[in-house]
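What follows is a short report on a single structure.
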Amino acid sequence: MDLGLTGKTAAVAGASAGLGLAAARALAAEGVTVAICGRDRARIDAAASELGPTAVPVVADVSTTDGATAFVEDAVAALGRVDILVPNAGGPPAGTFATTPLDAYIPALQLNLLSTVAMCQAAVPAMVDRGWGRVVAITSASVRQPIPTLILSNTARAGVTAFLKTLSLEVAARGVTVNSVQPGIHLTDRFRQLYGDDEDAVAAVAENIPVQTVGRPDDFGAVVAFLCSSAARFVTGAALPVDGGASRGLQ
């Protein structure tokens, strides 16, 4: 299926590894020129080398609004424009209501809410002017089903989901779609750190997922690419779980 993305440009945040890199890989495979960012020069250069000659590595720290804005500005400078924006960042520290101090919420909101707002402010107005654009933010399954001990992530990612839904309504008539994807458990470096990657460890985690397997990063990337496609022009304001059925709720 031709997704109609050849010749488009994209800025994918947090793409030195994991799901961000998987999203960038899927877009590059569809003929998109991709600017990717990470905090470590060696890692982001290695990721860009993997993606091929049309990938542009950018060193940026999107945990702050200044860093998030600078990434989009650098992507525009390198690519000429940004047609597709994929906001993405790591998660804040674990904790519960009882163990999390008030001053821990500000950096968490910077990381998982305000960084996305900043990237959208830097990229979306030009998309609106051109009459075409795609925003596909990577959030978390915790938006749909809060994860115990991750109160900071649950709070910030729920906030960014509300922001994205509101933004989608404001720009829908101008050819710009705004969606988010909510990953469940995928076989990333983070998974390996938490569970290991031997067959027994993967099988134990998969037992609690209805499809009985752990997601592959490329499965996730394919969903991101589809939401950027011409075929998905009528999909906006969606918050799509990509979790193998792990979210049990009706919404």
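For the ranges 23-35, 55-67, what's the packing order if you count other beta-carbon atoms within 10 Å of each residue, average per peptide, and put the highest first? Before the final figure, lay out the partial values.
Numbers: 23-35: 24.4, 55-67: 19.8.
Per-residue mean Cβ counts within 10 Å order the peptides as 23-35, 55-67.
Take each of the peptides 122-135, 89-102, average the number of other beta-carbon atoms within 10 Å over its residues, and list them starting from the highest. It would help to have the intermediate numbers written out before the result.
On the way: 122-135: 18.5, 89-102: 13.5.
Final packing ranking: 122-135, 89-102.
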### Query
What number, rounded to the nearest 500 deg cm²/dmol, is the helix-based mean residue ellipticity at 222 nm of the chain, given -39500 (n - 2.57) per DSSP H run of at least four residues and division by all its residues?
-13000 deg cm²/dmol
### Task
Give me the angle, in degrees from 0 to 90, between the Cα long axis of helix 41-51 and the longest principal axis of the Cα atoms of the chain, rounded to the nearest 10.
70
### Query
Any idea how far the Cα center of the stretch 131-196 sits from the one of the stretch 227-251, in Å?
10
### Alpha-carbon centroids, the stretch 12-34 and the stretch 75-124: separation in whole Å
18
### Task
Place the peptides 8-18, 176-186 in order of packing, highest mean first, counting for every residue the other Cβ atoms within 10 Å and averaging per peptide.
8-18, 176-186
### Query
How many percent of Cα pairs in the stretch 111-251 exceed 27 Å?
26
### Task
On a 0 to 90° scale, report how tilted helix 115-130 is relative to the longest principal axis of the chain, with both axes built from alpha carbons and the result rounded to the nearest 10.
30
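Every read-out reported here was derived from the displayed coordinates using simple, explicitly stated rules and does not represent laboratory data. All values derive from a computational prediction rather than experimental measurement. Neighbour counts run over all protein chains shown; Cβ positions are idealised from the backbone, glycine included.
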